[in-house]
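Here the structure comes first, spelled out in structure tokens, and everything after it is commentary.
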Amino acid sequence: MFCEECGSKINTEMKFCKTCGKKTKTLAEQLDEIKTDLKSGNNKGLVDKLLQIEDAVLDKIQLEHLRGDAYFISGEYTKALESYNSINKKNKPWDILFNSAIIKLNTANIPEAIIFFEQLIGVTEEQIAQSVLYAQRYKDRKVLLLDVNMYLGVLYKNAGNAEGAIKSFKRALECKPESELVHANLGDLYFNSDTYDKAIKYYQNAIGYATDVGRKSRLYNDIGLSYFRKGIIEEAVVSFKKAITLDSENQNAIYNLGIIYTRGGMNETVKKDFEELLKLESGVNIIFHLTKSMMNVAKKEMFGEIKSEFIGESDIIKKVKDIILKAAATDSTVLIQGENGTGKELVARAVHQLGRRAEKPFIVVNCGALPENLLESELFGYEKGAFTGAVGLKKGRFEIADTGTIFLDEIGDITPAMQVKLLRFVQEREFERVGGTDTIKVNIRIIAATNRDLKALVEEGKFREDLYYRLYVFPIVMPPLRERGQDIALLADNFLKKFASKYEKKFRNFSTEASTLMQNYGWPGNVRQLENVIERIVTLFDAEEVTQEFLPNEILTAKTNIYKRANEHKYSERQVENPVIATMKETNFSVKKTAKKMGISEKQLTQTLRDLDVKEVLHTVRGSKTKAAKLMGMSRVALYKRLKKN
């Protein structure tokens with residue numbers, strides 16, 4: 001121990017400092033003082049106080065715990081983790097796990113944050129009472145479990161794990177049944193899984209607990225969308241009108257009501273609704289926006305953009321069309337993945353044109369085509385004199401796209417340094433021009449695309465994990481042409497008609513032999529290659545039928561589709577994997593190595609594995625019930641019982 005006044009070394013039995021004569025405090029008194037500071041959030045000099053007594057504290061776990069807490073409330077997260085990690089996994093108190101989860105969350109390490117939060121579900125009131133930081137805040141265990149499950153629900157929801165999110169939010173409801181936010185989140189989850197009756201139920205519950213008028217308006221809009229998806233149009237109209245009555249500025253409700261009115265025609269019911277809405281205080285404004293919405297909807301349906309751009313009847317392309325419509329109905333960041341030539345830019349344009357920003361700019365930037373310094377000035381713009389040749393101010397693409405959409409193509413090709421600069425913009429929607437100091441804030445939607453597997457790049461350390469999760473909000477995967485089966489013939493017919501008309505040729509159809517060869521070819525260049533092949537045939541030849549003699553050599557010599565592989569898909573739609581299973585795979589299913597990597601005990605890991613979904617574990621071990629049972633720490637009989645319950 002050291003004297004607080006002069007810094008001289010003293011022992012625990014001394015009542016006065018031999019050097020300066022000042023009365024000394026006992027170890028217990030100093031520890032109590034440190035704990036009081038922690039409870040009040042007073043972080044001034046806390047670490048120094050701990051340094052003064054560290055040689056006298058016999059309980060090193062308590063010392064590192066207090067030191068970690070001191071760093072935590074000071075915002076020094078790296079040092080806090082160092083102190084927390086020095087404590088044996090088996091002895092880690094619950095509040096260390098809680099703080100570790102918060103730190104991982106703040107550093108965008110979502111999988112590890114989830115693991116730490118999940119370990120808190122079984123915390124007891126006795127354990128809570130022992131916490132220096134949280135004993136007062138969480139005197140009621142339900143308050144802690146509400147916070148933990150809210151964190152888990154949001155994290156699982158954003159990661160695309162609907163099952164985990166629903167389970168967490170339902171646990172949160174057990175802690176606080178009147179939580180409007182929890183009911184609303186459950187409504188969203190059931191809506192996104194097309195379970196509309198449950199979505200309506202939870203949205204209605206949320207309205208019952210909501211106190212904010214604007215929030216109630218948005219919830220009525222969500223109910224209206226649910227009824228609309230169910231095909232119950234009358235109830236949808238009632239809900240949208242309630243939303244508009246509560247908040248005349250609710251543009252989503254106005255837009256959705258405009259869709260129904262446009263498709264139903266200007267009948268007597270619609271006219272009565274207009275008269276009713278006009279009586280409202282903001283009636284004129286509502287009718288103006290409603291009419292504008294109807295005009296936009298009519299325009300889109302007249303041109304049939306989504307149908308004309310995405311020709312195909314295969315199940316996989318129908319699913320893509322449905323996802324595009326869902327993405328267009330939101331303002332979320334979209335990440336489009338797929339091989340070259342699959343139509344990623346078409347998807348981006350469709351999402352923009354079918355969304356609320358359709359009349360605003362759509363700006364395309366090919367990130368892979370520009371070196372880092374040029375890409376930076378292209379995106380952020382630059383001030384006069386920022387570099388040699390900068391003779392005047394230039395607005396960047398982000399600034400030009402304000403209120404509209406920016407499409408960042410080939411996002412996987414940007415350098416690590418550029419990833420850092422882009423991360424802040426994606427998160428905050430603000431930036432400074434190159435050579436400038438003024439912060440510019442814009443309101444734009446971000447759509448990114450890549451032909452690379454970003455998840456694999458993250459695992460290889462070539463792409464920032466935090467940027468990946470910022471972009472991976474609404475993923476859309478474009479399938480390669482070889483997986484679209486019957487669509488090859490439909491696309492070929494469409495291109496043949498298009499180019500025959502353009503070049504004034506007689507072509508009308510394909511011979512059976514030519515169709516078979518094209519169907520069996522792998523199309524490594526996808527739709528773009530198919531289009532180029534058909535255009536080349538039409539420009540070089542002229543006949544009513546495309547025969548095999550007109551096909552290029554690469555198609556004629558391909559005996560079979562060498563690109564087709566059973567159950568293989570380079571860009572298959574990934575469900576965000578349970579972080580526990582992901583870590584188990586990395587360690588080749590070693591419980592000991594996995595527990596060590598996660599920073600938890602083997603007992604805690606075993607319990608976590610037991611709580612996993614049986615079907616998910618079976619999928620991981622390729623259907624082996626023996627391996628699944630061993631992994632989950634149970635007998636095959638117990639595994640079969642769990643399967644029957646599911």
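The values are calculated or read from the model by the stated rules, or taken from the named source; none is laboratory data. Since the structure is predicted, the reported quantities are computational estimates derived from the model, not experimental observations. Please note: Cβ atoms are built from the backbone with ideal geometry, for glycine as well, and neighbour counts cover all protein chains shown. The protein model used for the area step is the full one, side chains on, heavy atoms only, and it has no ligands, DNA or RNA in it. Shrake-Rupley method; radii C 1.70, N 1.55, O 1.52, S 1.80 Å.
Among the residues of this structure, Leu97 does not count as one that is modelled with pLDDT under 65, buried (at least 20 other Cβ atoms within 10 Å of the Cβ) and assigned to a helix (DSSP H, G or I). Among residues of the stretch 444-458 that are on the phi > 0 side of the Ramachandran plot, none has a Cβ under 9 angstrom from a residue that is at pLDDT 95 or above and open to solvent by 10 Å² or more (accessible area, probe 1.4 Å) at a sequence gap of 6+ or on a separate chain.
Pairs linking a residue in the stretch 60-80 that is buried (at least 20 other Cβ atoms within 10 Å of the Cβ) to a residue that is outside any helix (DSSP H, G or I), with Cβ atoms under 6 Å and 6 or more positions apart or on different chains, are Leu63/Glu54; Leu63/Val57; Glu64/Ser86; Glu64/Ile87; Asp69/Leu133.
Would you call Gly436 part of a helix (DSSP H, G or I) and of a type in the set (Gly, Ala, Ser)? No, not satisfied.
Scanning the stretch 207-230 for residues that are open to solvent by 60 Å² or more (accessible area, probe 1.4 Å), farther than 17 Å from Gln251 by Cβ and in a helix (DSSP H, G or I) gives Gly208, Tyr209, Arg229, Lys230. Out of the residues in the stretch 100-115 that are of a type outside the set (A, V, I, L, M, F, W, C) and crowded, with 17+ Cβ neighbours inside 10 Å, which is farthest from the chain's Cα centre (by Cα)? For the stretch 100-115, the residue satisfying everything is Ser100. In the set (1) in contact with a Gly (Cβ under 8 Å, 6 or more places away or on another chain); (2) open to solvent by 30 Å² or more (accessible area, probe 1.4 Å); (3) among the aromatic types (Phe, Trp, Tyr), the condition left unmet by Phe240 is number (2). Scanning the stretch 466-482 for residues that are open to solvent by less than 60 Å² (accessible area, probe 1.4 Å) and either touching a Pro at 6+ places or on another chain (Cβ under 7 Å) or assigned to a helix (DSSP H, G or I) (or both) turns up Asp466, Leu467, Tyr468, Tyr469, Leu471, Leu481, Arg482.
Could you list, in sequence order, the residues of the stretch 206-256 that are among the β-branched types (Val, Ile, Thr) and more than 17 Å from Phe191 (Cα to Cα)?
Across the stretch 206-256, the qualifying residues are Thr211, Val213, Val237, Val238, Ile244, Thr245, Ile254.
Does any residue of the stretch 243-266 turn out to be in contact with a Lys or Arg (Cβ under 6 Å, 6 or more places away or on another chain), open to solvent by 10 Å² or more (accessible area, probe 1.4 Å) and among the hydroxyl-bearing types (Ser, Thr, Tyr)? No, the conditions are met nowhere in the stretch 243-266. I'd like to know if the stretch 229-250 contains one or more residues that are of a type outside the set (Val, Ile, Thr) and in contact (Cβ under 8 Å) with a residue 60 or more places away in the chain. No; the residues of the stretch 229-250 include none that is of a type outside the set (Val, Ile, Thr) and in contact (Cβ under 8 Å) with a residue 60 or more places away in the chain. Across the stretch 399-411, the number of residues qualifying as within 20 Å of the chain's Cα centre (by Cα) and surrounded by 23 or more Cβ atoms within 10 Å (Cβ to Cβ) comes to 5. Given the criteria modelled with pLDDT under 70 and assigned to a helix (DSSP H, G or I), does Lys597 qualify? Here the answer is yes, as Lys597 does meet what is asked.
All of (1) closer than 26 Å to Tyr468 by Cβ; (2) in a loop (DSSP other than H, G, I, E, B); (3) of a type outside the set (S, T, N, Q); (4) open to solvent by less than 10 Å² (accessible area, probe 1.4 Å) hold for Met418 with one exception: (2).
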